[in-house]
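Asker: Here it is, the structure, as structure tokens.
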Amino acid sequence: MKGSDATVNAYELDEIQRQRERKVYKSDILVNARYTLSVPEQRLILYAISLIKKDDTPNTFYTIDLKDFCNICGISGDSYTYSKRLLDGLHLKRWYAKITPNDPDEETSLSWFNKVKITRGKTIKLRFDDDIFPFIKDLLERYQETGQGYTSYMLQSVLPMKSKYSIRLYEIFKSKIKGDRYVEWFFELDDLKKILECTNYTRYPDFRRKVIEPAIEEINKFSDLLVEYYTTEKRNISRLYFKISRKTKEEIMQAHKDSLTALDGAVHYWDFKQGGDDA
């Protein structure tokens, strides 16, 4: 395995894999919100979310070892430079979500973290924003009790993905299938573009080629889902239909192998400048 700076031993490999198998819990409000993040930014946020524990408070800092984080994500290169530039970009990003229950038309400006500390060559310490924290922690018990209102998945399912749209769409599909084996869902094309923040793709062929097809290819290869899509219109496409199903145990094992192969040093730290596939 190609780590961030040094060779890893068998014990470290086991720990890396254990970290990759952490569960991410995320409110469906966040899953379906309108925002755009690069692939590395999403990896960092999702890994931080996976560290949240039941007794944590909004003041809790989450410490991420830089070397471990790069190894978990299959990143090679200077872990400090990678993380510093990543955090600089993430700090500037704000986005809007409908989080007010009694006013569905009101949108709140949000940021993922309200405090970030970094020690050269060692660790990142992150504290989630007060407005975000309830949607990734306080309602966790409700999910564990009822499975409603939250989406969960294994971190490894998205770590190898290179398109930022793959991760977003995977989360959306997971939020729709929940505990079912198979569901069909549709989106108005304009609504889906707004959720993914890619309204710049005004022509459907470009949106299909740059967003939908690469995302579905990665989801089908690395995750526990199989997704197909279709349209019922020959011209002026306005709606996309998706068939979402869970893989068999054998198919999940193959996806697991493909994921490990892709994470074995396949991503270099300077890829984040393009956000993986930000075209």
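Coordinate-derived values only; no laboratory data. Being a predicted model, the structure only gives us computed values, none of them experimental. Every residue, glycine among them, receives a Cβ derived from its backbone with ideal geometry; neighbour counts consider all protein chains shown.
Asker: Using a 10 Å cut-off on Cβ atoms, rank the peptides 211-222, 195-206, 80-91, 229-240 from the highest mean neighbour count down. Provide the component values of the computation, followed by the final result.
Answerer: Details: 211-222: 19.8, 195-206: 13.6, 80-91: 17.4, 229-240: 11.8.
Result, highest mean first: 211-222, 80-91, 195-206, 229-240.
Asker: Gain in length, SER109 to GLU21, computed as 0.36 nm per residue apart minus the alpha-carbon separation, to one decimal in nm?
Answerer: That pair, SER109 and GLU21, stretches by 28.5 nm at full extension.
Asker: Another one. For region 20-122, which GluC sites (Glu not before Pro) pass both filters: DSSP loop (anything but H, G, I, E, B) and at most 15 other C-beta atoms within 10 Å? Mind dumping the intermediate values first?
Answerer: On the way: sites: GLU21, GLU41, GLU106, GLU107; in loops: GLU21, GLU106, GLU107.
Passing sites in region 20-122 are GLU21, GLU106, GLU107.
Asker: What's the Cα-based Rg to Rh of region 7-109, Rh via Kirkwood?
Answerer: Details: Rg = 16.2 Å, Rh = 15.8 Å.
Ratio of gyration radius to Kirkwood radius: 1.02.
Asker: Tell me, what HN-Hα J-couplings in whole Hz come from the Karplus equation 6.51 cos²θ - 1.76 cosθ + 1.60 at θ = phi - 60° for each residue of region 79-84, using x for Gly and Pro?
Answerer: 5, 5, 4, 4, 5, 4
Asker: Pull out the extension gain between THR57 and ARG34, defined as 0.36 nm times the separation in residues minus the alpha carbon to alpha carbon distance; nm, one decimal.
Answerer: Numbers: separation 23, 0.36 × 23 = 8.28 nm, distance 2.58 nm.
Computed gain between THR57 and ARG34 is 5.7 nm.
Asker: Okay, next question. In percent, how large is the relative contact order of region 10-274, given Cα pairs closer than 8 Å and 6 or more residues apart?
Answerer: Details: 387 pairs, mean separation 67.5, N = 265.
That works out to 25 percent.
Asker: Would you mind checking region 154-188 for residues with the amide N under 19 Å from a putative spin-label position 7 Å along Cα→C-beta of SER245?
Answerer: Inside the label zone: 170, 173-186.
Asker: Then there's this: Do any trypsin sites (Lys or Arg not before Pro) in region 35-64 lie in a loop, going by DSSP, with at most 15 other beta-carbon atoms within 10 Å of their beta carbon, and if so which? Can you show the working numbers first?
Answerer: Details: sites: ARG43, LYS53, LYS54; in loops: LYS53, LYS54.
Here the sparse-neighbourhood loop sites are LYS53, LYS54.
Asker: Let me ask something else about it. Residue farthest toward the positive end of the dipole of region 10-274, with Cβ of Lys/Arg at +1 and Asp/Glu at -1: which of ASN71, VAL31, LEU189?
Answerer: ASN71
Asker: Could you give the dipole magnitude of region 10-274 about its Cα centre, charging the beta-carbon of Lys and Arg +1 and that of Asp and Glu -1, in debye to the nearest 20? Don't skip to the end; give the middle numbers.
Answerer: On the way: 46 positive and 41 negative charges, 101 e Å.
Its charge dipole is roughly 480 debye.
Asker: Oh, and also: Mind running the shape call on region 10-274? Use the C-alpha gyration tensor, a ≥ b ≥ c as the square roots of the eigenvalues: rounded below 1.5 for a/c, prolate if a/b tops b/c, oblate otherwise. Show your work: numbers first, answer last.
Answerer: Values: a/c = 1.44, a/b = 1.24, b/c = 1.16.
Taking the square roots of the gyration eigenvalues as a ≥ b ≥ c, region 10-274 is rounded.
Asker: Could you check the spin-label model distance between GLU12 and GLU233? Points 7 Å from the Cα along Cα→Cβ, value in nm.
Answerer: 5.4 nm
Asker: Which of ILE244, SER223, MET161 sits closest to the plus end of the dipole of region 10-274, meaning its Cα is farthest towards the positive end, when Lys and Arg get +1 and Asp and Glu get -1 on the C-beta?
Answerer: Selected residue: MET161.
Asker: If amide hydrogens are placed 1.01 Å from N in the peptide plane, which non-local residues have theirs closer than 5 Å to the one on TRP112?
Answerer: none
Asker: Now a separate question. Round to the nearest 0.05 the FRET efficiency obtained for THR119 and ASP258 when R0 = 22 Å and r is the Cβ-Cβ distance. Please report the intermediate quantities before stating the final value.
Answerer: Details: r = 34 Å, r/R0 = 1.57.
It comes out at approximately 0.05.
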